[in-house]
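To start, the structure itself, in structure tokens.
The values are calculated or read from the model by the stated rules, or taken from the named source; none is laboratory data. Source: prediction; values computed, not measured. As a convention, Cβ positions derive from the backbone with ideal geometry for all residues, glycine included, and neighbour counts pool all protein chains shown. Just so you know, the surface numbers come from the protein's heavy atoms only, side chains and all, with ligands and any DNA or RNA stripped out. Shrake-Rupley method; radii C 1.70, N 1.55, O 1.52, S 1.80 Å.
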There are 4 protein chains.
Amino acid sequence: MAGNTFGRLFCVTTWGESHGPALGAVIDGCPPGITLTEEDIQSDLDRRKPGGRYTSPRREPDRVEILSGVFEGTTTGTPISVIIYNRDIRSKDYSPFAKVYRPGHADRTYEQKYGFRDWRGGGRSSARETAARVAAGAVARKFLKQHGIDIKGYTKALGGVHARKHDWSEIDQNPFFCPDSECIPAMEARIKEVKTAGDSIGGIVEVCVRGCPAGLGEPVFDKIDAQLAGALMSIGAVKGVEIGAGFSSTAMLGSQHNDPITAQGYASNHAGGTLGGLSSGSDIVVRVAVKPIPSISIPQQTVNVDGESSTIEIKGRHDVSAIPRIVPVCEAMVLLVIADLMLHPFPGAT
Amino acid sequence: MAGNTFGRLFCVTTWGESHGPALGAVIDGCPPGITLTEEDIQSDLDRRKPGGRYTSPRREPDRVEILSGVFEGTTTGTPISVIIYNRDIRSKDYSPFAKVYRPGHADRTYEQKYGFRDWRGGGRSSARETAARVAAGAVARKFLKQHGIDIKGYTKALGGVHARKHDWSEIDQNPFFCPDSECIPAMEARIKEVKTAGDSIGGIVEVCVRGCPAGLGEPVFDKIDAQLAGALMSIGAVKGVEIGAGFSSTAMLGSQHNDPITAQGYASNHAGGTLGGLSSGSDIVVRVAVKPIPSISIPQQTVNVDGESSTIEIKGRHDVSAIPRIVPVCEAMVLLVIADLMLHPFPGAT
Amino acid sequence: MAGNTFGRLFCVTTWGESHGPALGAVIDGCPPGITLTEEDIQSDLDRRKPGGRYTSPRREPDRVEILSGVFEGTTTGTPISVIIYNRDIRSKDYSPFAKVYRPGHADRTYEQKYGFRDWRGGGRSSARETAARVAAGAVARKFLKQHGIDIKGYTKALGGVHARKHDWSEIDQNPFFCPDSECIPAMEARIKEVKTAGDSIGGIVEVCVRGCPAGLGEPVFDKIDAQLAGALMSIGAVKGVEIGAGFSSTAMLGSQHNDPITAQGYASNHAGGTLGGLSSGSDIVVRVAVKPIPSISIPQQTVNVDGESSTIEIKGRHDVSAIPRIVPVCEAMVLLVIADLMLHPFPGAT
Amino acid sequence: MAGNTFGRLFCVTTWGESHGPALGAVIDGCPPGITLTEEDIQSDLDRRKPGGRYTSPRREPDRVEILSGVFEGTTTGTPISVIIYNRDIRSKDYSPFAKVYRPGHADRTYEQKYGFRDWRGGGRSSARETAARVAAGAVARKFLKQHGIDIKGYTKALGGVHARKHDWSEIDQNPFFCPDSECIPAMEARIKEVKTAGDSIGGIVEVCVRGCPAGLGEPVFDKIDAQLAGALMSIGAVKGVEIGAGFSSTAMLGSQHNDPITAQGYASNHAGGTLGGLSSGSDIVVRVAVKPIPSISIPQQTVNVDGESSTIEIKGRHDVSAIPRIVPVCEAMVLLVIADLMLHPFPGAT
């Protein structure tokens, strides 16, 4: 595949540039008979929409339209095409960057790969591309809900401020999708401070899968862990993925890390819900490292397309952090992985 | 694909159980005209062979045979089939585990997926499967060498002992594949202590790609980062993957993390050699978290196949740590990813 | 993949129902740097457009819009999304068929696969889906033209009337895309006669590839012959595919059939441009059997959704034959196969 | 994929050259819990074995060994590796062809693709490769038998002699796998006459699938027809594929061709068991055109590797016709297609 399709049986192909007329996704392989409306998708899209207090002032309504695959309110089993028209495009903001490479962005590597690039708002490499992923994830969510599977993402850390509590009911009550209400003031203070400095920050997002049956995944190369890691690392700002105890397990003893098995289930969940590349029936817990977004207004050293040294200051409309808008994107990628696995043969289930 | 094939154009399919007659790999898509002998593969296999001082006492010569795809010492472009016969099988050691699940292993999840399992030495879920990956990686290495690409793995940490120096010339001079000779005594002490306790430890492995051209990878879902993360997380003991600054980038400011671009290249390499999912031409640096191996002789709580509580002590032949034997396996997975990407269309190169 | 994506490196995903709001294609993997306008695509679409003298009276302008992947008139290497809005929808015409299965159509099998179906105009199984294929093929054509490859389809037989001459300059001069002007009157007479009877006819379409380099294809399962056959048989009305001498070779002797090789090339082209699954450098010649279209106004025996016997007369807007509108569709599928193969590694070319 | 893997969920990868040490297949995705012995595979292999009265005098026992994926006589769900060692290799017979291209063979196109070739017995392009397909097909047969699906191939025509009757009980009673015992004498006479002349002949093979459930296949590009056509056309000697009435439908009227639907099923089966790319529940009937094998002892015109005109006489051990040995190969490819489809999601079945 040429790189814009994800999944094997629940397949999603996305398309569209930041400053093109529209972007969208084709969701192929969604089972028939699922009720699906534009509102089902819109509610997820609204969670990643720009224009919030701490996010880019670009005003995109991000209204989704369903163009195929649904008949009388129900999926038919044929491809579901969704489209989101771009409305608030100001390509001129980006014209200074047509001839100079923004550090930390894909500008130069795209040019190295393709010979030239669409410089308007990052073109295809813009985070705007992830709107299509969220739309596709929303369709996966409807399918998984039928099977009692619930997937939730939330902010574990922002700019060095760490959540200590994990109260799911808090997540949608604050602008950071954080499960710990007590750290919200510190996060707000941090983000204001960084914004004032014209700088940016990153953080850690965790996604949890509840209700996943045991035995999902394929051994060897297509372990559920491998699929989750690949899916999450395909999000632009993500630079690390860990499952269960993850990197902290590297300093543990086997006797500490191993999950004792009891009649009630696994006594710890250091493994993060997978064993031997297959889901164990425990909650699947995966965390991603989100780098600070590269667009900052502080002057930076770079080169132009002719290889000459240059200085750049990025004044366009951009977020201070990929968090919180990246949270529904991480959720979407996990939704897509689990939906795809649920369609794979599962002989032990019969 | 059914889970035992990796890659799209440089495709590897592996097969074989720990205690079956043999295991092997079919490498399909390797370009023609590359000189390839069994010795080329053997030298990589020998690096992961059991029987070392700190590793399993299972005595496997791991002699590889090439059965196809090579004519008069040169690859032909047709599938290269390699086979390694198992010699030192003692399945009886495992018969106590036919009816009881080993914690931290795939025993129970395999049974949940497939309805039953080959309990001899872990069957397909045994780390022995990775011998086939290393053999395939050795073929990829020969191909990449033609393009001046050099890939090296090494131990960054073992049971809490961290390497501080990065001297590649040291790596093959010590049994831990560690680039810092000064920490070898501490690593040796740590591993002896843990072995005496009947316990196990994990650590951190880093793999570095030198000489990779810029522009490799596919944007969006098939970013080079995503492919590396998926590939490495498909190794049994790996619970986390990070690229460049990885998880440490989550507490950095954008102004710290961004790679300033100079006429000489990238001033830092926090990005780890990738930008926008494409290689930047800098060294690609990726690290994996290796969990402690689950087979320990300390008694553990578990259940048997009838769901009854049980206690287990694992006395079989096993390593104290997946490190160092996992190092060439990590290397192999990175070799396979880069070899596959090198065959993909690369329009900017023309 | 879930069945609506074609190709591996030049990948096309299509979507849309006959009576939904729109249909379209995402073309992923098209190389960058190719000039591409909507007019380039429109000219191919116009050749399969309904509304001709011998075709369905449905009036669809079939105007294509490019939504992504093109910047300043040139492809960028990112997915090209094209959309065609449906205009002349009269779903009511089809409401009699909501509860009864049309013989020769997919009505009943779709219901058996998916549990229910979109009965409006055949939904996804409508030949209208092929407009998206033609649009994608037009993009492939632009890419192949850069390499001097020219692909042309034409009518070899219609309702038993066979073309005897092969004058390419005639093909676009008559409504049947027939390379033999002398048989046009007989074809016209035949189609009028059948139309008057409320019946339908089929025929034979041939596609020829000129300028294809030698060595394209992959041995064994992905032979160029296999890919062409799979591609062409994926068109609804096609029931047979043959290459070169095809079925007539079954009565030849080896000494008659073999292509003697001369310094100037192959003396005959009974092989149809392929040897051992690879292109030989001769013209690739492939023929398809097109069945009579199943929608006829003559009463037919069938059953309804409750399994009761019924009689059906199909009075909707439909063609008398899939020919000539299927000609550009066959061309498109061959264009997609060759474009995909041209992106595959081709070591002998270097 | 690199061309030697077939299928998506029931995946088969084959490897091996005609004159290498061995050939084999890896069958990945076969469901667990199926009883499988080497004898199950051997019985199919014996049907395509060389050494019969009308076939190549090469004496290959073609003994298959199972190397993985079976535990205590039952498939485990992990890859099944099968190997067949080559015994009766006389590569010297082929040394005259190292520098000259055999007409009708892949000699020259392989060299054009790969830059050079393994000339011993055709290397990878030898029909010997199909032994691995037959072995894999035998595994698929065991799986399909569990679902009541029975697949049978037979000779419809040989060198112009056509079978008129279709008595399945005759098929295994004669050396041509022909369902019409009355035409055996004519076939024998024809093959002797051609053999005496040093020439070769082709014919037509039909494969029939009985007991296939309705609704198998994927609409649009992955129609069951398309998959069968691609699978069968991937066999070296096959130059045409047709389903149901096939090419004869091109001269029918719609009113003749359409399958009237009755409460008892389809009144005719002109469609050959598929409608809209999905199986209809009727017998699936597919026919392939087999060209005369290109190895003949009559002198032929050709060129050598330096492009100079030459004459060639092929005296090696070869069959007079690919029939009957191709019959189990055709069967195998249909077995693999149906096995793969049976593992795909099938929502209407629930």
If you scan the stretch C:163-211, which residues turn out to be out of contact with any strand residue (DSSP E or B) (no Cβ under 6 Å at 6 or more places or on another chain) and of a type in the set (D, E, K, R)?
C:164, C:165, C:167, C:170, C:172, C:180, C:182, C:188, C:192, C:193, C:195
By residue number, the members of the stretch B:246-283 that are within 24 Å of residue B:203 (Cβ to Cβ), open to solvent by 30 Å² or more (accessible area, probe 1.4 Å) and in contact (Cβ under 8 Å) with a residue 60 or more places away in the chain are B:283
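In the stretch B:122-181, which residues are in a helix (DSSP H, G or I) and aromatic (Phe, Trp, Tyr)?
The first filter runs over the stretch B:122-181 and keeps only residues in a helix (DSSP H, G or I), leaving B:122-125, B:127-146, B:168-171, B:181.
Scanning the stretch B:122-181 gives B:143, B:168.
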Answer yes or no: is there a residue in the stretch C:48-63 that is surrounded by fewer than 19 Cβ atoms within 10 Å (Cβ to Cβ), at pLDDT 85 or above and away from every other protein chain (no Cβ under 14 Å).
yes
Scanning for something of a type in the set (A, V, I, L, M, F, W, C), open to solvent by less than 30 Å² (accessible area, probe 1.4 Å) and closer than 30 Å to residue A:65 by Cα, does the stretch A:107-124 turn up at least one residue?
no
Please enumerate the residues belonging to the stretch D:134-152 that are within 14 Å of another protein chain (Cβ to nearest Cβ) and more than 19 Å from the chain's Cα centre (by Cα).
D:146, D:147
State all residues of the stretch A:310-324 that are part of a strand (DSSP E or B) and under 16 Å from the mean Cα position of the chain (by Cα); if no residue qualifies, say none.
A:321
Among (1) more than 9 Å from chain C (Cβ to nearest Cβ); (2) open to solvent by less than 40 Å² (accessible area, probe 1.4 Å) - the single one residue D:318 does not satisfy:
(2)
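When the residues of the stretch C:86-99 are filtered to those that are at pLDDT 85 or above and assigned to a loop (DSSP other than H, G, I, E, B), which remaining residue is surrounded by the most Cβ atoms within 10 Å (Cβ to Cβ)? Before the answer, list the steps.
Step one: of the stretch C:86-99, the residues at pLDDT 85 or above are C:86-87, C:98-99.
Then keep just the ones that are assigned to a loop (DSSP other than H, G, I, E, B); that gives C:86-87, C:99.
On the way: C:86: 20, C:87: 12, C:99: 12.
So the residue we want is C:86.
With respect to residue B:155, determine if the residue is under 18 Å from residue B:239 (Cβ atoms), more than 10 Å from chain A (Cβ to nearest Cβ), touching a helix residue (DSSP H, G or I) at 6+ places or on another chain (Cβ under 9 Å) and surrounded by 24 or more Cβ atoms within 10 Å (Cβ to Cβ).
On the way: under 18 Å from residue B:239 (Cβ atoms): yes; more than 10 Å from chain A (Cβ to nearest Cβ): yes; touching a helix residue (DSSP H, G or I) at 6+ places or on another chain (Cβ under 9 Å): yes; surrounded by 24 or more Cβ atoms within 10 Å (Cβ to Cβ): yes.
In short, yes.
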Among B:205, B:286, B:209, B:241, which is open to solvent by less than 10 Å² (accessible area, probe 1.4 Å), part of a strand (DSSP E or B) and at the interface with another protein chain (Cβ under 7 Å from one of its Cβ atoms)?
B:241
How many of the residues making up the stretch B:166-202 are over 22 Å from the mean Cα position of the chain (by Cα) and surrounded by fewer than 14 Cβ atoms within 10 Å (Cβ to Cβ)?
6
Expected single match for within 11 Å of chain D (Cβ to nearest Cβ), aromatic (Phe, Trp, Tyr) and over 24 Å from the mean Cα position of the chain (by Cα) among C:110, C:101, C:94 is C:101
Scan the stretch D:301-309 and tell me whether some residue there is at the interface with chain C (Cβ under 7 Å from one of its Cβ atoms), free of Cβ contacts under 8 Å to residues at least 40 places away in the same chain, in a strand (DSSP E or B) and among the aliphatic types (A, V, I, L, M).
no
Taking the stretch B:113-125, which residues are at the interface with chain A (Cβ under 9 Å from one of its Cβ atoms) and within 19 Å of residue A:346 (Cα to Cα)?
B:113, B:114, B:115, B:116, B:124, B:125
In this structure, is residue D:232 more than 7 Å from chain C (Cβ to nearest Cβ), assigned to a loop (DSSP other than H, G, I, E, B) and of a type outside the set (Lys, Arg)?
no
Residues (within 7 Å of another protein chain (Cβ to nearest Cβ) and either closer than 26 Å to residue A:222 by Cβ or within 16 Å of the chain's Cα centre (by Cα) (or both)) located in the stretch D:11-47:
D:11, D:13, D:14, D:15, D:16, D:24, D:26, D:28, D:29, D:31, D:32, D:33
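Looking at the structure I just gave you, is residue D:293 at the interface with chain C (Cβ under 8 Å from one of its Cβ atoms) and either closer than 30 Å to residue C:264 by Cα or at pLDDT below 95 (or both)? Before you say what the answer is, go through the steps one by one.
Values: at the interface with chain C (Cβ under 8 Å from one of its Cβ atoms): yes; either closer than 30 Å to residue C:264 by Cα or at pLDDT below 95 (or both): yes.
In short, yes.
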Single unsatisfied condition, residue A:167 versus (1) farther than 29 Å from residue A:299 by Cα; (2) modelled with pLDDT of 95 or more:
(2)
Within the bounds of the stretch A:291-314, is there any residue that is crowded, with 24+ Cβ neighbours inside 10 Å and more than 30 Å from residue A:193 (Cα to Cα)?
no
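Results for (1) of a type in the set (Lys, Arg); (2) part of a loop (DSSP other than H, G, I, E, B); (3) more than 23 Å from the chain's Cα centre (by Cα); (4) under 30 Å from residue C:117 (Cα atoms), shown as yes or no for each residue.
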residue: C:259; (1), (2), (3), (4): no, yes, yes, no
residue: C:271; (1), (2), (3), (4): no, yes, no, no
residue: C:295; (1), (2), (3), (4): no, yes, no, yes
residue: C:298; (1), (2), (3), (4): no, yes, yes, yes
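For residues that are in a helix (DSSP H, G or I) and touching a residue at least 40 places away in the same chain (Cβ under 8 Å), scanning just the stretch C:215-228, find the one that is farthest from the other protein chains (Cβ to nearest Cβ). Steps first, answer last, please.
Residues of the stretch C:215-228 in a helix (DSSP H, G or I): C:220-222, C:224-228.
Checking the rest, the ones that are also touching a residue at least 40 places away in the same chain (Cβ under 8 Å) come to C:220, C:222, C:224-228.
Details: C:220: 5, C:222: 4, C:224: 10, C:225: 5, C:226: 4, C:227: 7, C:228: 8 Å.
Per the criteria, the residue is C:224.
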Could you say whether any residue in the stretch D:274-281 is in a loop (DSSP other than H, G, I, E, B), more than 8 Å from chain C (Cβ to nearest Cβ) and among the hydroxyl-bearing types (Ser, Thr, Tyr)?
no
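Can you tell me which of D:108, D:102 is on the phi < 0 side of the Ramachandran plot and either of a type in the set (Val, Ile, Thr) or not in a helix (DSSP H, G or I) (or both)? Break it down stepwise before answering.
Values: D:108 fails: either of a type in the set (Val, Ile, Thr) or not in a helix (DSSP H, G or I) (or both).
None of the others qualify; the one that does is D:102.
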Criterion (open to solvent by 10 Å² or more (accessible area, probe 1.4 Å), farther than 25 Å from residue A:175 by Cβ, away from chain B (no Cβ under 14 Å) and modelled with pLDDT of 95 or more) met by exactly one of A:66, A:83
A:66
Quick one: would you say residue B:336 is in a helix (DSSP H, G or I) and in contact with a Leu (Cβ under 8 Å, 6 or more places away or on another chain)?
no
